[in-house]
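Quick notes on the structure that follows.
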Amino acid sequence: MIKKAIYPGSFDPVTKGHLDIIQRASKLTEELVVAVLHNVSKSNSWFNVDEKIDLLKNSISELDIKDCKIRIISFNGLLVDLIEKENIDVLIRGLRAVSDYEYEVQLNLTNNLLTKKKFETIFLNASRKYLYLSSSVVREIAIHHGKLDYFVTDYVEKKLIKRVDEINGKN
Ligand code: PNS
């Protein structure tokens with residue numbers, strides 16, 4: 001059993017694909033830190049960091065988590081600095097189709113060059129039904145008023161619809 005793992009991401013917004021990884025990772029570790037990147041340069045985000053944390057909290061509360069402490073935090077700067085600060089043993093990343101592989105290996109190798117802290121990266125294969133799901137696809141569906149319930153929780157769906165109305169100047 002892993003003592004402390006981290007699952008970092010942009011989560012703009014959290015999808016059922018992310019939740020599937022969180023659910024499965026919770027079975028591998030005693031504590032899971034879900035870390036939301038607070039990146040001011042990524043200003044094209046639909047949700048700010050507080051909203052992303054709220055969406056995560058709400059969505060994670062619907063999962064069936066046993067014997068794993070889940071903590072949701074935000075971070076900026078380098079992920080390895082957070083890994084050092086939090087004394088993380090394992091970095092969890094979801095791996096979808098082959099297209100993710102190149103970026104993930106680059107991220108992994110770079111992270112390992114940036115720190116002396118020893119940690120392992122575990123890639124969890126996305127479940128078949130979420131293989132091609134991403135936050136950007138979800139935003140695209142939302143903007144065109146498509147059906148969202150397959151991809152996000154009801155709570156996230158409501159917030160997405162509200163955000164689309166705001167973007168379209170309805171609110
Ligand atoms: O959900 P994402 O967008 O795939 O998550 C990417 C994330 C947040 C894990 C990655 O961008 C990240 O770790 N950013 C922090 C800066 C950093 O440490 N970059 C890696 C070394 S260049």
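The values are calculated or read from the model by the stated rules, or taken from the named source; none is laboratory data. Remember, predicted model here, so these are calculated numbers, not experimental data. Methodologically, a virtual Cβ is constructed for each residue, glycine included, from the backbone with ideal geometry; neighbour enumeration extends over all protein chains shown. The accessibility values were calculated without ligands, DNA or RNA, using every heavy atom of the protein model including side chains. Shrake-Rupley method; radii C 1.70, N 1.55, O 1.52, S 1.80 Å.
Some points to look at:
- Legend: calculated FRET efficiency, LYS27 to ARG128, from the Cβ-Cβ distance at R0 = 30 Å, rounded to 0.05, equals 0.95.
- Debye equation applied to the C-alpha atoms of the chain, log10 I(q)/I(0) at 0.08, 0.09, 0.15 Å⁻¹: -0.24, -0.30, -0.86
- For the pair the range 1-59 and the range 93-150, the centres of their Cα atoms are 11 angstrom apart.
- Set LYS52/LYS147; LYS66/LYS129; LYS52/LYS129; LYS27/LYS118 screened for pairs whose C-alpha atoms are more than 26 Å apart: none
- Heavy-atom surface of the range 2-132, accessible at 1.4 Å and reported per residue (Å²): 55
- Helical contribution to [θ] at 222 nm, DSSP H n ≥ 4, -39,500 (n - 2.57), averaged over the chain, rounded to 500: -12500 deg cm²/dmol
- Cα gyration tensor shape of the range 38-90, rounded if a/c is under 1.5, else prolate or oblate by comparing a/b with b/c: oblate
- Counted by Cβ distance under 10 Å from VAL152, the other residues give a net charge of 0, where Lys and Arg count +1 and Asp and Glu count -1.
- Ordered by 1.4 Å accessible area with all protein chains kept, LEU32, LEU79, LEU113 run largest first as LEU113, LEU79, LEU32.
- Net +/- balance of residues flanking GLU140 in space, Cβ distance below 14 Å, scoring K and R +1, D and E -1: +2
- Local electrostatic count, LYS85, Cβ distance below 12 Å [Lys/Arg +1, Asp/Glu -1]: -1
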